Amino acid sequence: YTKKYKRNSYTIYTEEMDLNASYKLAIERDLKNAVLNNELELYYQPIMDLKTGKLTALEALIRWNHPEFGLIPPNDFIPIAEESRQIIGIGTWVLRAACRQSKKWQDSGIPPFKIAVNISTKQLQQAEFVDEVLTILEETNLESKWLELEVTESILMDDVGFIKESLLKLKEADISISIDDFGTGYTSLSYLRQYPFDKVKIDRSFIDDINNDLNGKRITSAIISLAHSLEMNVVGEGIEDEIQLEYLKKENCDEGQGYFFNRPLPAHSLPFNQR
Ligand code: C2E
Ligand code: MG
Ligand code: MG
Ligand code: MG
């Protein structure tokens with residue numbers, strides 16, 4: 001019985017491996033045409049001010065409507081796009097689409113909010129990146145103060161001097177910079193202070209742990225006080241229930257984002273009538 005069971009699970013395992021391998025190959029192959037074929041789409045997730053309960057920003061989150069596999073989440077293709085450098089073209093598409101949509105919302109007369117766009121380190125390594133962002137803002141007529149770029153801690157372990165300069169230029173142009181998934185990388189506190197970050201987004205794993213153990217609470221509180229002492233705003237990511245929300249409010253976290261408020265939605269499905 002054990003033998004048979006083992007053999008079966010082994011078979012399943014290899015079949016899964018094959019599937020994964022061919023899925024990955026297909027993604028690599030088809031990604032080249034995803035932009036051309038208009039298969040990419042932005043979903044948007046609200047970021048709320050925890051004191052007033054008002055919407056402060058929408059984060060643009062990419063999805064790929066694949067003809068065969070359906071809706072593919074970013075974690076399945078962004079790493080592949082980064083490896084093959086296709087992220088450069090995709091990243092440009094994301095920025096332009098997000099700024100254009102944001103301008104449309106503003107023109108429709110609803111109270112303005114920021115638009116947050118995720119930026120890959122590979123994009124920031126491009127010498128042209130800053131100019132490209134400024135050109136897109138001009139093209140789409142969106143004022144720079146409404147744009148927020150989200151970068152991850154991996155940029156800090158990279159070509160430090162060059163990227164820091166780019167971030168400073170963006171900041172001078174009145175664009176805000178957030179550090180995403182904070183706490184999962186290796187940022188030393190002194191680095192954090194040297195960069196022009198406006199916001200720190202606490203990684204979802206710590207918010208998750210608020211319900212599980214004392215350490216989740218302690219780490220969350222520590223990040224909030226650290227950010228505040230460096231005069232940065234703090235966002236709690238991945239808020240899924242009231243306990244997490246109440247804890248973040250009690251600890252003076254400025255903003256929050258998560259399924260408890262809204263899941264990411266396509267542009268046309270967003271509920272804008274909340275206060
Ligand atoms: P991220 O920037 O940290 O985005 C937040 C992720 O957490 C999103 O996943 C969002 O759907 C998910 N999330 C939000 N609230 C909750 C919650 O309450 N519970 C749970 N379990 N999850 C929640 P998504 O959309 O799958 O994106 C994953 C990652 O892919 C993003 O993480 C970001 O790093 C990357 N990504 C997304 N869009 C882009 C893009 O346009 N360009 C680049 N370079 N990366 C992107
Ligand atoms: Mg993000
Ligand atoms: Mg994040
Ligand atoms: Mg993430």
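Scan (1) more than 14 Å from ligand 2 (Cβ to nearest atom); (2) under 28 Å from LEU192 (Cβ atoms) for the single condition GLY109 breaks and write down its number.
(2)
What single numbered condition from (1) crowded, with 18+ Cβ neighbours inside 10 Å; (2) closer than 30 Å to SER144 by Cβ; (3) free of Cβ contacts under 8 Å to residues at least 60 places away in the same chain; (4) more than 15 Å from the chain's Cα centre (by Cα) fails to hold for GLY258?
Every listed condition holds for GLY258 apart from (4).
For segment 173-195, which residues satisfy the criterion of being over 18 Å from ASP254 (Cα atoms) and either more than 15 Å from ligand 3 (Cβ to nearest atom) or charged (D, E, K, R) (or both)?
Result: ALA173, ASP174, ILE175, TYR186, SER188, LEU189, SER190, TYR191, LEU192, ARG193, GLN194, TYR195.
Any idea how many residues of segment 218-250 are among the charged types (D, E, K, R) and buried (at least 18 other Cβ atoms within 10 Å of the Cβ)?
1
Taking helices (runs of 4 or more DSSP H) that do not extend beyond segment 54-125, which have at least 2 residues that are under 26 Å from LEU156 (Cβ atoms) and β-branched (Val, Ile, Thr)?
Answer list for segment 54-125: 74-83, 87-107.
From the list LEU124, LEU147, which residue is touching a helix residue (DSSP H, G or I) at 6+ places or on another chain (Cβ under 6 Å) and over 25 Å from LEU25 (Cβ atoms)?
Residue meeting the stated conditions: LEU124.
Look through segment 183-210, keep the residues that are touching an Asp or Glu at 6+ places or on another chain (Cβ under 6 Å), more than 21 Å from ILE243 (Cβ to Cβ) and within 14 Å of ligand 2 (Cβ to nearest atom), and return whichever of them is modelled with the lowest pLDDT.
The selected residue is GLY185.
Among PHE129, PHE162, PHE182, which is in contact (Cβ under 8 Å) with a residue 12 or more places away in the chain, away from ligand 4 (no atom under 16 Å from the Cβ), touching a helix residue (DSSP H, G or I) at 6+ places or on another chain (Cβ under 7 Å) and closer than 26 Å to ILE80 by Cβ?
PHE129
Restricting to segment 231-275, count the residues that are acidic (Asp, Glu) and part of a strand (DSSP E or B).
Selection size over segment 231-275: 1.
Taking segment 201-225 as the region of interest, how many residues are within 12 Å of ligand 1 (Cβ to nearest atom) and touching a strand residue (DSSP E or B) at 6+ places or on another chain (Cβ under 8 Å)?
So the count comes out to 5.
Tell me, please, whether a residue that is under 26 Å from GLU143 (Cα atoms) and at pLDDT 95 or above can be found in segment 268-275.
Looking for residues that are under 26 Å from GLU143 (Cα atoms) and at pLDDT 95 or above, one finds none in segment 268-275, hence no.
Evaluate the following for LYS145: is it free of Cβ contacts under 8 Å to residues at least 24 places away in the same chain and either away from ligand 4 (no atom under 16 Å from the Cβ) or assigned to a loop (DSSP other than H, G, I, E, B) (or both)?
Considered against the rule, which asks whether it is free of Cβ contacts under 8 Å to residues at least 24 places away in the same chain and either away from ligand 4 (no atom under 16 Å from the Cβ) or assigned to a loop (DSSP other than H, G, I, E, B) (or both), LYS145 comes out as no.
Does ASP203 satisfy being away from ligand 3 (no atom under 14 Å from the Cβ), free of Cβ contacts under 8 Å to residues at least 60 places away in the same chain and crowded, with 16+ Cβ neighbours inside 10 Å?
no
Can you name every residue in segment 154-196 that is within 20 Å of the chain's Cα centre (by Cα), more than 15 Å from ligand 1 (Cβ to nearest atom) and aromatic (Phe, Trp, Tyr)?
TYR186, TYR195
Quick grid of which residues meet (1) at pLDDT 95 or above; (2) among the aromatic types (Phe, Trp, Tyr); (3) more than 21 Å from TYR259 (Cα to Cα):
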residue	(1), (2), (3)
TRP146	yes, yes, yes
MET157	no, no, yes
PHE162	no, yes, yes
LEU170	yes, no, yes
ASN212	no, no, no
ILE219	no, no, yes
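When segment 51-88 is examined, which residues are found to be more than 16 Å from ligand 3 (Cβ to nearest atom), surrounded by 15 or more Cβ atoms within 10 Å (Cβ to Cβ) and small (Gly, Ala, Ser)?
Across segment 51-88, the qualifying residue is only ALA81.
The values are calculated or read from the model by the stated rules, or taken from the named source; none is laboratory data. Being a predicted model, the structure only gives us computed values, none of them experimental. Cβ coordinates were reconstructed from backbone atoms using ideal geometry, including for glycine residues, and neighbour counts include every protein chain displayed.
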